[in-house]
Amino acid sequence: MAQSELTIRQGEKGKFVILQLQGKVDSETSPKLTEALNKLISAGKVWIVLDMTGVSFMSSAGIGATVKALNDTRSKKGDLRLAAVQDEVKKVYELLGFAAAFSFYPSLKQALEA
């Protein structure tokens, strides 16, 4: 079985930290996402946008990582926004009942301007 890969690139724009994700977010790679999010939040960076243009698959483990980060950012008066989420990935959020909790934006630009 091929190993899952997830690349995370970090950037900043105004008050937002942008994490550009590329690959699959599953039980194998979600700890990498969780670690990146936890590091930001513990450093007081609580305005985060996940650019999910390059995410082709997200399992419940990946959804769990984003739900925890959403709760953590909002408890500190910030937000976690999801940008350019592919339809198949958004369906997983919907099936698990988490879609309503998140702010989905068609593009990174719109997520930053909202």
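Details
- Residue selected from the range 75-88 under the condition in contact (Cβ under 8 Å) with a residue 12 or more places away in the chain and out of contact with any helix residue (DSSP H, G or I) (no Cβ under 9 Å at 6 or more places or on another chain), by the criterion surrounded by the fewest Cβ atoms within 10 Å (Cβ to Cβ): LYS77
- Once the range 50-62 is narrowed to residues that are out of contact with any Asp or Glu (no Cβ under 9 Å at 6 or more places or on another chain) and crowded, with 20+ Cβ neighbours inside 10 Å, the residue that is nearest to VAL17 (Cα to Cα) is LEU50.
- Tally, over the range 90-108, of residues that are touching a residue at least 24 places away in the same chain (Cβ under 8 Å), assigned to a helix (DSSP H, G or I) and in contact with a strand residue (DSSP E or B) (Cβ under 9 Å, 6 or more places away or on another chain): 3
- Checklist (1) on the phi < 0 side of the Ramachandran plot; (2) surrounded by fewer than 21 Cβ atoms within 10 Å (Cβ to Cβ); (3) over 12 Å from the mean Cα position of the chain (by Cα) applied to THR34, failing item: (3)
- Scoring LEU21 on the criteria (1) in contact (Cβ under 8 Å) with a residue 12 or more places away in the chain; (2) surrounded by fewer than 19 Cβ atoms within 10 Å (Cβ to Cβ) leaves a single failure, condition (2).
- Test for ALA99: is it within 21 Å of GLU5 (Cα to Cα) and either of a type in the set (D, E, K, R) or under 13 Å from the mean Cα position of the chain (by Cα) (or both): no
- Take the conditions (1) free of Cβ contacts under 8 Å to residues at least 24 places away in the same chain; (2) hydrophobic (A, V, I, L, M, F, W, C); (3) more than 22 Å from GLU113 (Cβ to Cβ); MET58 misses just one of them, which is (1).
- Entry remark, the range 1-18: residues being loosely packed, with under 14 Cβ neighbours inside 10 Å and of a type in the set (Phe, Trp, Tyr) number 0 in total.
Only the coordinates and a few stated rules stand behind these numbers; no lab work does. These numbers come from a predicted model, not from an experiment. Using ideal geometry, Cβ is built from the backbone for each residue, glycine included, and neighbour counts are taken over all protein chains shown.
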